[in-house]
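Here, each number is a calculation from the coordinates, and none is a lab measurement. Just so it is clear, the model here is predicted, and its values are computed rather than measured. Counting neighbours? That spans all protein chains shown, and the Cβs are built from the backbone with ideal geometry, glycine included.
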Amino acid sequence: MAEMSPMGPRPGDERPVLTDRQGHPIQDNQNQRTVGARGPATLENYHFIEKISHFDRERIPERVVHARGITAFGYFEATGRLGDEPISRYTRAKPFAEPGKRTEVAVRFSTVIGGRDSSEAARDPRGFAVKFYTEDGNWDLVGNNLAVFFIRDAIKFPDVIHSLKPDPVTFRQDPGRIFDFMSQTPESMHMLVNLFSPRGIPAGYRHMQGFGVNTYRWVNAAGETHLVKYHWLPEQGVRSMTEADAAVVQAGDVGHATRDLREAIERGDHPAWRLMVQIMTDGEHPELDFDPLDDTKVWPEDRFPPRLAGRMVLDRNVRNFFADSEQIAFGTGVLIDGLDFSDDKMLVGRTFSYSDTQRYRVGPNYLQLPVNSPKNAEVRTNQRDGFMAYDQGDAGESPHVNYEPSILGGPREAPAPPHEEQGPLIVGRLTRRRVPRTDDYTQAGQRYLLMERWERDDLVHNLAEALRQCARPVRDRMVWHLLMAENDLGLRVGDAIGISPEDVIHLPPLPGQTLTREDKDRM
Ligand code: HEM
């Protein structure tokens, strides 16, 4: 019987020809090479083996958190001022320096707990990570849509995430496990009051706020430091969903937020956010009833008014999801001159964690990928080789010198800033202790009281629904915490799940828990 011939191009088809990754034109993409039409395959079939073996390696590990997300590109435009003051009084960072100055940005929005293809209508914090491609190198501001976090020390992060992730046996997200952990973690109450309110399910990425959450430092030209918190406010307004709304949305599309963002940008309806900053003098601030380095707290706006530092517009979608959204890598350690860390114990842990996971998730040369490389600053590093090394930096005149110092050539150190940094002097013993002013309840209660009536009703309903699925000791302890945060909240949730204040009044504080005078009065 005659051999079948490859299909080949249709007459008149002028499209470019398919090749393999070695540049060889592919004449038959439909049939592998076999001995006769029905015979065994041959091992030297390079095209077939390349195609299948590359396919076998298509997936990289998804992010351990924030696996589902979408990137968009745009620009940040600075005000150059904070109200009637020049911003240079507080920071010498170049993206903020001049009114109207634009810096290119990439932003990745995400959900946290679900896997890469999970629902975008889940009750979950949302990630809001911004990469600024500045002339001083990249700056990442890696935030969330809620202003605070569950914990204040990075050592607890794997535990809080394990409690929120699916059960290791049943692979179900289980309120019984979540509230087991949270009931033993009183600092989580402020976050829970936010997360179980309608803000826990944003209507979409365009309609949510973004918060840096952690406290950072700004450094001015004289080396003086201030503490700073960042907030993004959507010009589109904040919109949230109840669980009933979310159920309808996700019945039709589990990726509604990605679709909404892409379509808005596509039709020229470019979403924009204002960047507001709160500034505090750099120090412990003993006059406050919370620690400025505690990320379970917000800074009261009447004492630390948010001030406009710039505006961000997103006007371009990704050209390829994998290249720009899966491989993009953010980290809290990615700062530029004029911006610095604080001693916030979460921030320190995060700063190690991000690049550590990215070396594993994407590979040791993840910073050479176009979306991650500092496109507006030159890279001249002596770091070399590793898997998938592509761009070794510009070796310039001295390709032999990949070390420093050298009198033969190679890049030199940059001049130091004219002034030493003048942050506070910190002296102390090595220890493992909580920050002294924990005050776990005041701001959680205040947040509840600030909500509109329908938001409070929704919060009570959502907490009660979740707590109904928990063991009795967990429910009791949660009602105890909620009563401490705000009487009305504790009474209403308790009432909904059949637990009265008398049922829980005998509970002692948790081991190691510090109560404020007001907490003790409430007991
Ligand atoms: C992603 C760790 C707290 C916001 C991640 C990833 C890790 C991580 C390992 C995956 C990164 C990747 O694979 O590229 C931690 C640790 C934390 C912490 C150890 C606490 C100690 C927070 C907080 C926020 C936050 C408080 C919000 C302010 C984000 C965002 C992403 C992320 C937005 C996704 C970034 C992207 O879109 O690629 N985090 N995280 N994380 N985290 Fe955290």
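Here are the numbers:
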{"quantity": "Helix axis angle, 243-252 relative to the chain longest principal axis, alpha carbon, degrees", "calculated": "10 degrees"}
{"quantity": "Whole-angstrom gap from segment 247-262 to segment 86-163, using each part's C-alpha centre", "calculated": "22 Å"}
{"quantity": "Helix axis angle, 472-485 relative to the chain longest principal axis, alpha carbon, degrees", "calculated": "70 degrees"}
{"quantity": "Burial order of peptide ranges 471-478, 425-432 (average beta-carbon count within 10 Å, highest first)", "calculated": "471-478, 425-432"}
{"quantity": "Taking segment 377-465 and dividing mean pair separation by its residue count, relative contact order in percent (alpha carbons under 8 Å, at least six apart)", "calculated": "14 percent"}
{"quantity": "Gyration tensor verdict on segment 223-376 (Cα atoms; rounded if a/c is under 1.5, prolate if a/b is larger than b/c, oblate otherwise)", "calculated": "oblate"}
{"quantity": "Extension gain, Ala221 back to Ala414 (0.36 nm per residue minus Cα-Cα distance, nm)", "calculated": "67.9 nm"}
{"quantity": "Segment 190-254, relative contact order in percent, only Cα pairs under 8 angstrom and at least six apart counted", "calculated": "38 percent"}
{"quantity": "Rounded, prolate or oblate (a/c below 1.5 giving rounded, otherwise prolate when a/b exceeds b/c) for segment 188-230 by Cα gyration tensor", "calculated": "oblate"}
{"quantity": "Order by protection proxy (mean Cβ within 10 Å, highest first), peptides 332-342, 29-39, 97-107, 57-67", "calculated": "332-342, 97-107, 57-67, 29-39"}
{"quantity": "Rounded if a/c under 1.5, otherwise prolate or oblate - segment 88-213, Cα gyration tensor axes", "calculated": "prolate"}
{"quantity": "Cα pair distances in the chain, grouped into 20 Å bins until the bin that holds the longest one, percent each", "calculated": "19, 48, 25, 7, 0"}
{"quantity": "Mean separation of Cα contacts under 8 Å, 6 or more apart, over the residue count of the chain: relative contact order %", "calculated": "17 percent"}
{"quantity": "Which of Met276, Gly310, Ser325, positive extreme of dipole for segment 252-381 (C-beta unit charges)", "calculated": "Ser325"}
{"quantity": "Between helix 256-266 and the chain: long-axis angle, C-alpha atoms, 0 to 90°, nearest 10", "calculated": "60 degrees"}
